[in-house]
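Here's the structure, in structure tokens; my notes come after.
Laboratory data are not the source of any read-out in this text; all were calculated from the coordinates shown. From a predicted model like this one, the values you see are computed outputs, not experimental measurements. Cβ placement follows ideal geometry from the backbone for every residue including glycine, while neighbour counts extend to all protein chains displayed.
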Amino acid sequence: MDEVLLTKYLLKETSEEETAAVRKWIAAHPDNEKHYSQLRLVWDASQTLAGKSDVDEHEAWLRFMQRRERVNPSLSWQSKGLIRRLGWLRIAATLIFVSGASLIGYYFLVQNGSQRYGSTYETANAVNTDTLADGSIITLNKYATLRFSQGPFQGKRLAELREGEVFFRVAPNHNKPFVIESGKVTVTVLGTSFHVKRKGDETEVIVESGQVKVEGLSRMVELGPRQKVTINTQTQQFDEGMVDDLLHNYYVSNQFVLDNTPLWRVVEVLREAYGVEIIIVNDKIRNLPMTTTLHQNTLEDMLHLIAKTLRITVEKQGNNIILK
């Protein structure tokens, strides 16, 4: 994988096509995932150390290249080309090597595998369940990124949701609240289970058990079971409500629970789960209800069952699936 492209992806500068290529490469082999994770650890550590600095950005980037070569001499042939091609990453260079401590952090984190600065959890084209250092259990939907840290002198457990959707089962600890930052939205809990979904400037929180406090747009709300809030910091929308179904839970339970659920809602979730475009062309069938449990299988099998149950037609036209 081209180092330029990996660095662009790390800084969220890639196009959709480039993003898909990097994610495919990461998922292709454990060594690829390890290589990217190491790069991410260095970046995360450098952000912690960065703060304010007057370091010369060009010189910082040169030092970055030199230090990478010391760790892996095989990269030396790439350095000159990278310096010419990555002028747009000068700001990143300042953050990465703002002080000599960054080099120490690099060897400490990458060479010794330390988790001192926290851990980053990231998924590609698969759902993953993991256990955090505090005993909390997380399930990440496809293409989600979460960073978790809890230092001995921190008064809280801190998770940063950078993108995607995560289901949390938080281990109770009344002395150390569990705090999730999703952009400009903050979720605070002690012990409970809930979903947090971030897409750009919009964050959605759905509570399954217990209570959580959600803050954003200078407002605060406490949510209980089956309550939700959606906050968009770009459009300034703050919407509270009740959960009408359990479909948000599909990637955790591996099933789609339908309870008098209209077809349009089923289609909405299938689009998200399988990354395909499904279009209802006949308005008369949009609200046809279904009550059943669809176990997560192939999309073709589920569409066949839906068509048979509702007596509708399913057709494939190019990359689109048509319901009528």
Q) When W25, W264 are ordered from fewest to most other Cβ atoms inside 10 Å of their Cβ, what list results? A) W264, W25
Q: Show which aspartates and glutamates lie in cross-link reach of K156 when reach means a straight Cα distance below 15 angstrom and same-chain residues fewer than eight apart are skipped.
A: D134, E181
Q) When the label point is put 7 Å from the Cα of E222 along its Cα-to-beta-carbon vector, which residues of the stretch 173-193 have a backbone N closer than 15 Å? A) 188-192
Q) Calculated FRET efficiency, E268 and Q234, Cβ-Cβ r, R0 22 Å, to nearest 0.05? A) 0.55
Q | Pair Q317, V257: separation of 7 Å Cα→Cβ label points (nm) | A | 3.6 nm
Q: Kindly state, as a whole number, the per residue volume in cubic angstrom of the convex hull around the alpha carbon atoms of the stretch 129-257.
A: 101 Å³
Q: May I ask you to sort H29, H195, H35, H174 by Cβ crowding, counting other Cβ atoms within 10 Å and putting the fewest first?
A: H174, H29, H35, H195
Q. What ranking of S253, S209, S136, S193 emerges when the number of other C-beta atoms within 10 Å of each C-beta is taken as an exposure proxy, fewest first?
A. S209, S253, S193, S136
**Q.** Listed pairs K197/K316; K142/K184; K142/K197; K284/K324; K24/K197; K24/K316 exceeding 20 Å between Cα atoms
**A.** K197/K316; K142/K184; K24/K197; K24/K316
**Q.** Computed lengthening from K213 to H295, 0.36 nm per intervening residue step minus Cα-Cα distance
**A.** 26.3 nm
Q: Sticking with the crude label model, points 7 Å out along Cα→Cβ, report the distance from H304 to A133 in nm, one decimal please.
A: 4.9 nm
Q: Output the peptides 295-304, 177-186 sorted from most to least packed, where packing is the average of other Cβ atoms within 10 Å over each peptide's residues.
A: 177-186, 295-304
(Q) 7 Å from Cα along Cα→Cβ at both H174 and A126: what's the point-to-point distance in nm? (A) 4.1 nm
